[in-house]
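Q: First the structure, which I've put down as structure tokens, then a few questions once you've had a look.
Each reported figure results from applying straightforward, stated rules to the coordinates on display, with no laboratory input. Since this is a predicted model, take the numbers as computed values, not measurements. Virtual Cβ from ideal backbone geometry, glycine too; neighbours counted across all protein chains shown.
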Amino acid sequence: MAIVIDKFIFGTFFASLFGFFVLCFLRRKHQNLENKQKFKEKAAFKTQNYNVQRPENSSGPDVIIVGAGVAGAALACTLGKDGRQVHVIERDLTEPDRIVGELLQPGGYLKLMELGLEDCVEEIDAQRVLGYALFKDGKVTRLSYPLENFHSDVAGRSFHNGRFIQRMREKAAKIPNVKLQQGTVTSLLEENGTINGVQYKTKDGQELRVHAPLTVVCDGCFSNLRRSLCNPKVDVPSYFVGLVLENCELPFANHGHVILADPSPILCYPISSTEVRCLVDVPGQKVPSIANGEMSKYLKDVVAPQVICSSPHQGSSLIVSSPFCRLANKTSFAHCRFTPFQIPPVLHDAFISAIDKGSIRTMPNRSMPADPHPTPGALLMGDAFNMRHPLTGGGMTVALSDIVVLRDLLNPLRDLNDAASLTKYLESFYTLRKPVASTINTLAGALYKVFCASPDEARKEMREACFDYLSLGGVFSSGPVALLSGLNPSPLSLFLHFFAVAIYGVGRLLLPFPSPKAMFIGVRLISSASGIIFPIIKAEGVRQMFFPATVPAIYRHPPVNDKADDLLKSS
């Protein structure tokens, strides 16, 4: 007797299985939201009835912050305004001069507002950023931030990194209970496995020690203190070569510009009303020498032709690819797929002029997943704790989001001196930070690999599919841009969009008629996409990233001292 198998049985089975997992996820997410809401209400009740006060027998600071960069200065302002005694030690209090940390995404600006620090982007000639323009092979698609449901002030901001940091340092220094001091921290002080302070050298060479129940290390990407607090696995996939282009206009005002060049992307965005930052990505751990002129030759011979490959003086023009395309010499928009759009030749002239001036800077692009060793009395923050490729400009957004999480966790606590209880309680920090951090980290690593040129056919197709997918408009562009901007920090949404790009790429290969070669490349495309994203997800932590509700630490209640308990019971 023949057995007849329904040809749809396998599809039905996998569809049912997928539906089951979706239902489980939604149910778990709903429970997680309920639990987090209860936790917030309980924390708010404690904060409302028992404001932060220093213990009567306490002397010295409550918190030591090592480093006063973006993370350290913002944390000092936040904890200082909450009534903590804060001692900040920074190696150099003069204005920093860096070529990264110059673009704050809208999600980061929202966190800045939440911390009450939005005025720090004022009076520094910061520029509003409303989205990106993505260039590839003579085509460009414009990707706008989905800001419709936010206050009109909410947008990205680009600026000189040093000016922004100095504004926050000035704000911190004006808070009476914040001490901002120039000095170099040489070591963490440890006693019986607990960090209870730091040893540092002052500007005039004095060796001093200061003690506090909590030390937060924010000494940046080159941290020399992180080794005892985490497992640092630092990867340097490339270098950024930075130039400042003066007195030139970008094709799209108030937008970042990403050129998908060969071998890797080129970024341009305004950092003041008269300056444009240009960052050229150079893959590998070595860059041409600046001293002997190799770098200038590389930029002029290899990079410059790609920056202006479609300039008018070469007789060609760029193609705007978008559901709503800008018509040449018009301000209105029309439903079209392709229309000519020319890059001003002044951009090329400014690029060459910047090279000739010799003001070329380089910076290693470092990536390091967060892999902490929870240590009593100490915590890592900022680039000392977690780094990602700066292609997407998400570093400051992650740092500011982490500060919001830490502030909310510390808010109910009056006394930080119980190191063991505090450390156990703060383990929730590492999971609560994951939605924002893991989304931005994963997207940065994945996008960089997709955007880099490759001789592999599957990687070429993935790169082309990504550009065309974003050019579709609607949810296909707004969804990924919401992830990139920090406005929708959803790891699941990121995962779905990434593989939607891969499936879209396979569809392009197989339609209208599949060939054996196209099917082979399609299989390799899916394999390549998996090889890009799964290692990043593994490093971020699958459980914390996708199933945070299963991590017991997020449900821990803050340790409350006896006096606080008595007050709560009497309320």
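Q: How much length is gained on full extension from Ser228 to Asp119, taking 0.36 nm per residue of separation minus their Cα-Cα distance? List each step's numbers first, then the result.
A: Working: separation 109, 0.36 × 109 = 39.24 nm, distance 3.58 nm.
Answer, rounded to one decimal: 35.7 nm.
Q: Ok, one more. Counting Lys +1, Arg +1, Asp -1, Glu -1, what net charge surrounds Asn196 among other residues with beta carbon under 13 Å of its beta carbon? Could the numbers behind the result be given before it?
A: Values: positive: Arg209; negative: Asp62, Glu190, Glu191, Asp418.
After counting each charged neighbour, the total is -3.
Q: Using label points projected 7 Å from each Cα along Cα→Cβ, tell me how many nm separate Thr202 and Asp262, to one decimal.
A: In this crude spin-label approximation the distance works out to 6.0 nm.
Q: Let me ask another. For His255, enumerate residues with amide H under 5 Å from its amide H, sequence gap 5+ or separate chain, H modeled in the peptide plane.
A: Sorted by chain and number, the residues that satisfy this are Leu130.
Q: Taking R0 as 22 Å, what FRET efficiency do you get between His151 and Asn411 from their Cβ-Cβ distance, rounded to the nearest 0.05? Display every interim value, and only then the final one.
A: Values: r = 24 Å, r/R0 = 1.11.
According to the calculation, E is roughly 0.35.
Q: With a Cα-only, solvent-free Debye model of the stretch 130-253, what are the log10 I(q)/I(0) values at q = 0.09, 0.10, 0.18 Å⁻¹?
A: -0.53, -0.63, -1.20
Q: How do the peptides 489-496, 463-470 rank, highest first, by the average count of neighbouring beta carbon atoms within 10 Å per residue? Numbers along the way, then the final one.
A: Working: 489-496: 18.0, 463-470: 20.4.
Per-residue mean Cβ counts within 10 Å order the peptides as 463-470, 489-496.
Q: To the nearest 0.05, how large is the calculated FRET efficiency for Glu95 and Thr550 if R₀ is 51 Å and r is the Cβ-Cβ distance?
A: Numbers: r = 45 Å, r/R0 = 0.89.
Step by step, r from the Cβ atoms, then E = 0.65.
Q: Can you give the alpha-carbon Rg of the stretch 422-571 over 2.2 N^0.38 Å, where N counts its residues? Walk me through the intermediate numbers first.
A: Numbers: Rg = 21.1 Å, N = 150, 2.2 N^0.38 = 14.8 Å.
Dividing the Cα radius of gyration by 2.2 N^0.38 Å gives 1.43.
Q: What is the sum of charges around Gly541, taking Lys and Arg as +1, Asp and Glu as -1, for the other residues whose C-beta is under 15 Å from the C-beta of Gly541? It would help to have the intermediate numbers written out before the result.
A: Values: positive: Lys233, Arg388, Arg433, Lys434, Lys538, Arg543; negative: Asp371, Glu427, Glu540.
Result for the neighbourhood of Gly541: +3.
Q: Under 5 Å between amide H atoms, partner at least 5 residues away or on a different chain: which partners does Asn365 have, H built in plane at 1.01 Å?
A: The list, which skips near neighbours in sequence, is Ser238, Tyr239, Phe240.
Q: Spelling out what I want: for every residue of the stretch 124-131, take phi, set θ = phi - 60°, compute 6.51 cos²θ - 1.76 cosθ + 1.60 (Karplus), and round to whole Hz; glycine and proline get x.
A: 10, 6, 5, 10, 5, 10, 10, x
Q: Can I ask one more? Using the Kirkwood radius built from alpha carbon pairs, what does the Stokes-Einstein equation give as D for the stretch 221-283 at 10 °C and 1.306 mPa s, in µm² per second?
A: Numbers: Rh = 14.0 Å.
So the translational diffusion coefficient is about 114 µm²/s.
Q: Add +1 for every Lys or Arg and -1 for every Asp or Glu among the other residues with Cβ under 12 Å from the Cβ of Val276, and state the total. Walk me through the intermediate numbers first.
A: Numbers: positive: Arg277; negative: Glu102, Glu246, Glu249, Glu275.
Summing Lys/Arg as +1 and Asp/Glu as -1 gives -3.
Q: Taking 32 Å as the cut-off for C-alpha to C-alpha distance, list the pairs among Lys111/Lys460; Lys203/Lys357; Lys233/Lys424; Lys201/Lys233; Lys300/Lys449 that go past it. Let's see the in-between values first.
A: On the way: Lys111/Lys460 37 Å; Lys203/Lys357 34 Å; Lys233/Lys424 24 Å; Lys201/Lys233 28 Å; Lys300/Lys449 25 Å.
Pairs exceeding the cut-off: Lys111/Lys460; Lys203/Lys357.
Q: Give me the distance in nm between label points sitting 7 Å out from Cα along the Cα-to-Cβ direction at Asp371 and Ser490, one decimal.
A: Distance between label points: 3.1 nm.
Q: Something else about it: Quick one: which residues, 5+ away or cross-chain, put their amide H under 5 Å from the amide H of Cys230? H built at 1.01 Å from N.
A: So Cys230 has HN proximity to His373.
Q: Please report, largest first and rounded to whole Å, the three semi-axes of the ellipsoid equivalent to the stretch 349-422, where each semi-axis is the square root of five times an eigenvalue of the C-alpha gyration tensor. Present the calculation step by step, with values, prior to reporting the outcome.
A: Numbers: eigenvalues 306, 36, 22 Å².
Output for the stretch 349-422: semi-axes of 39, 14, 11 Å.
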